[in-house]
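Here the structure comes first, spelled out in structure tokens, and everything after it is commentary.
Since every read-out is calculated from the coordinates, none of them should be taken as a lab result. As the structure is a prediction and not an experimental result, all values here were calculated from the model. Cβ sites come from the backbone with ideal geometry, for glycine too, and all protein chains shown count toward neighbours.
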2 protein chains.
Amino acid sequence: MATGTTDAPGGTGAPGAATRIDARALHARVTPAGELGSIAGFRWGACAAGLKAGGKADLGLLVCDAPATAAAVATTNRVKAAPLVLMLERLAEDAPQAVLVNSGNANAATGAAGRRAAKRTTKAVASALGIPARSVVPASTGVIGVPLPEAPIVQAAPELVASLSPEGAGAFAEAIVTTDLGTKAAASTVGRGKRRYRMVGVAKGAGMIHPNLATTLAFVVTDAPVRKRFLRRALREASDATFNRITVDGDTSTNDVILALASGAGGGERLSGDDAGSKRFVRALREVLEALALQVVADGEGAQHVARVRVEQAPSPEAALAVARTVGTSNLVKTALHGCDPNWGRILAAAGRAGVPFDPEKAEVRIGDHVLYRRGEALMTPEVEAAASAVMQAPLYDLVVRLGAGRAKEYVWTCDLGHEYVRINADYRS
Amino acid sequence: MATGTTDAPGGTGAPGAATRIDARALHARVTPAGELGSIAGFRWGACAAGLKAGGKADLGLLVCDAPATAAAVATTNRVKAAPLVLMLERLAEDAPQAVLVNSGNANAATGAAGRRAAKRTTKAVASALGIPARSVVPASTGVIGVPLPEAPIVQAAPELVASLSPEGAGAFAEAIVTTDLGTKAAASTVGRGKRRYRMVGVAKGAGMIHPNLATTLAFVVTDAPVRKRFLRRALREASDATFNRITVDGDTSTNDVILALASGAGGGERLSGDDAGSKRFVRALREVLEALALQVVADGEGAQHVARVRVEQAPSPEAALAVARTVGTSNLVKTALHGCDPNWGRILAAAGRAGVPFDPEKAEVRIGDHVLYRRGEALMTPEVEAAASAVMQAPLYDLVVRLGAGRAKEYVWTCDLGHEYVRINADYRS
């Protein structure tokens, strides 16, 4: 199966209409899904069960040779999909050994039938693998409110298991995407004495959520041995600094989850958080998630740019984050980013409504290194405007707001809002 | 001067590109600005000072024969424009007798020079009127961060005063618009024994904020005699139920203000809030503001529909409002409204992320009278979908979310998000 495609499996006609940000410009850890290679203790599989149109792969299976150390962070949306609820229940009770992912159907808002479907499909895969059903955790993404067709998934279970391979991460990455313009993958390593652990992540999700309520799913696997408590803490910290920092249209899904699995096949004592190897592990996890999150935000329909909204000189980190999120979700700011317009007035006005006290006459707005506004004064000469607009042509740049109200700082990543977003989200019925 | 025009004075090329909602379909109190007539104790004026292109009127003056009873509610944005700050200072000290409004320049984020300009321009008008400068309150709307040209306003003051007429409300309404597709006006009456007071309101503001950060300004005048304390309370209540219930792109301006002035020229004892006349006064004020607010939300670029998002069965009014605002500002919901798509999944998912606890399996989603989702089950047959989509063709309709979590309810009005929004807010530089 081809990897790194720019098709939009299960999509709505998006591909080809817009140029796409080159993911490799976003982060050093971005790795094409087809080049992820193998990672000790894990096998990946994929096949087509007819949930997506055109015979595209829509089932992905990730299996560990033995029960894995696991941690997950999930959506805070009150409306949680059946597979997500089942995954969290099973993770709370047991060490999982396999993850079954289907795309093309979110199995969300499907009531009791949805819960039954999640149980029956994982049971079928567990039987084919010869492991207990409770060792298989499910995840789904796709259309909401439509019953999940159980039979084709149950029937495909043997084929799915037969497709397992240590080199299958690329095929798995393909199988889990929905309206994404491409697969999302990243890899890193963790050095520890003479050992060298690998860490690999794949994700799906487009920065701007699609007609059928797209989901962000991310799976990170490592051959490092890790204590469960430490893995949980590390995942929470790393996702807070990455996936919780991307803001696109403010909508969160019913199915979002980030799942980390550690096989321990790389050998050695379990990392527990106290030694230098643990620090490197956390750093690698954060880098992998950061690279995945940036690929998600860059995959907004029609997105041409990712901006890191940095808020500095805030009274507290919470205040800084509130301002960054308000600026990053402002449609007025996001359309200005699309037009490469260094419109500091929109940025300042968005900051002003975040509920954070600051004096605009002590504030400052920058694009890259170009100061557009400082202490009550617009500094936007034609030269500055042209220079700032040139910065905004880049795939990734910084937008900085200094509040002059303290020492705290925070950031979010956002993308621009253009015609493609409206076209795909409003016009898809016509 | 023509009134009720569909030109966009000072605009960016918006007019003509999109069909526009007929304001009279929105509310019974909507009145064409040219038909507002006179109201005892007030005169209105307008002229062009060159702040807008094409010689269009950009100064409006509203004068009361004697100092008026006044109340105002203003933006909560931390970034407040100089004229707004000066207006609030002067209202706190004195009864105002005149309101000077300029369009084409917001005089916001303009530092000390902006404050000087607000003082000098109101002083020039006060001199021409022969009243103290402190009796004139300013309001500005237009581009942010550009120094307000004082001299042309000062020079135009005599012409502006000479234009005053009891019949001038239509011309005033024209002078204060910026990128609006049309003027906004409403009128009502308040009966009290044999007396009959008039109430007239004019507003400017487009539901979706425009390139240069458009503002919502609203002025309501009445010949009723009113105690200041009662007028303040009535305005707060009425604006809370109207202008604070419109949500478009979540951006609030630096200049937003609603100002109510009562001349008392209609005669009689001052309304103080205790008698039946006071109740009718509050109702009329709410109706006028409601009619103005609906015109503002309907004037979003390219808006074809206004939806009232009603949230019912919530644990508290605050919770109901939080859910309504989250649904009403969701880009996914708003693009679905644009496509006349009864996409209950997006609505339910937006409700789920509002931070309000509820069980989706007890919830319900309706468009008009059509139930799309109830208690974990999608009810969207092709017939229901077609019927709900037909409802969504209307200029104004209800979108209802029942949470099954209590008895409180609240609502907001929102509009759809289409290509015009992106075109005007992103493409205006090219």
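Things to note:
- Using a simple spin-label model with pseudo-atoms 7 Å out from Cα toward Cβ, B:Lys194 and B:Thr76 lie 4.7 nm apart.
- Chain B: relative contact order as a whole-number percent, Cα under 8 Å and 6+ apart: 19
- Residues A:Cys340, A:Cys64 in ascending order of nearby Cβ atoms (within 10 Å, fewest first): A:Cys340, A:Cys64.
- Within the same chain, lysines fewer than 8 places from B:Lys56 are excluded, and of the rest, those with a Cα less than 19 Å from its Cα are B:Lys184, B:Lys204.
- Residue-averaged 222 nm ellipticity for the protein assembly as shown, from DSSP H runs of 4+ at -39500 (n - 2.57), nearest 500: -10000 deg cm²/dmol
- Of the residues A:Glu290, B:Glu93, A:Glu410, the one with the fewest other Cβ atoms within 10 Å heads the list, and the complete ranking is B:Glu93, A:Glu410, A:Glu290.
- Each other copy places its own label point for A:Arg120 at 7.9 nm from this one, sorted shortest first, where the point lies 7 Å along the Cα-to-beta carbon line.
- Across the copies of the chain, B:Gly191 has label points (7 Å from Cα along Cα→Cβ) spaced 8.8 nm apart, shortest distance listed first.
- Residue with peak Gaussian network fluctuation, chain B [Cα springs, cutoff 10 Å], from B:Ile176, B:Ile246, B:Ile39: B:Ile39
- When DSSP beta bridges are restricted to pairs lying wholly in chain A, around 70% turn out antiparallel.
- The mean of 1/r over all pairs of different alpha-carbon atoms in the protein assembly as shown, once inverted, gives a Kirkwood hydrodynamic radius of 28.5 Å.
- Relative contact order computed over the range A:306-426 (Cα-Cα under 8 Å; 6+ residues apart), in percent: 45
- Gyration tensor (alpha-carbon) shape descriptor, the range A:276-326, a/c threshold 1.5: oblate
- Applying a length cut-off of 30 Å (Cα extent along the axis) and a mean Kyte-Doolittle floor of 0.0 to the DSSP H helices of chain B leaves B:276-298.
- Once the Cα gyration tensor of the range A:63-166 is diagonalised, semi-axes √(5λ) in Å: 21, 17, 11
- Taking 0.36 nm per residue of separation and subtracting the current Cα-Cα distance, fully stretching the chain between A:Glu89 and A:Ala112 would add 6.7 nm.
- When both bridge partners sit in the protein assembly as shown, DSSP labels roughly 70% of those beta bridges antiparallel.
- GNM top mover of A:Val79, A:Val221, A:Val257 - chain A, alpha-carbon springs below 10 Å: A:Val79
- The length gained on full extension between B:Asp398 and B:Ala386, counted as 0.36 nm times the residue separation minus their Cα-Cα distance, comes to 2.7 nm.
- Computed from the alpha carbon atoms alone, the convex hull of the range A:23-298 holds 110 Å³ per residue.
- Neighbouring partner chain Cβ atoms per residue of B:337-349, average, 10 Å criterion: 6
- Estimated dipole of chain A in Debye, rounded to 20 [Cβ of Lys and Arg +1, of Asp and Glu -1, Cα centre]: 1340
- Teacher prompt: B:Leu88 distances to equivalent labels in other copies, 7 Å Cα→Cβ, nm: 4.1
- If you model the range B:306-426 as an ellipsoid using its alpha carbon gyration tensor, with each semi-axis the square root of five times an eigenvalue, the axes come out at 22, 18, 12 Å, biggest first.
- When the Gaussian network model of chain B links Cα atoms closer than 10 Å, the mean-square fluctuations of B:Asp274, B:Asp58, B:Asp180 top out at B:Asp274.
- Shielding by partners for peptide B:368-376, expressed as the average number of C-beta atoms from other protein chains within 10 Å of each residue's C-beta, is 1.
- The charge dipole of the range A:306-426, taken about the Cα centre with unit charges on the Cβ atoms of Lys, Arg (+1) and Asp, Glu (-1), comes to about 300 debye, rounded to the nearest 20.
- Counting Cβ atoms of other protein chains within 10 Å of each residue's Cβ and taking the mean over peptide A:74-86 gives 3.
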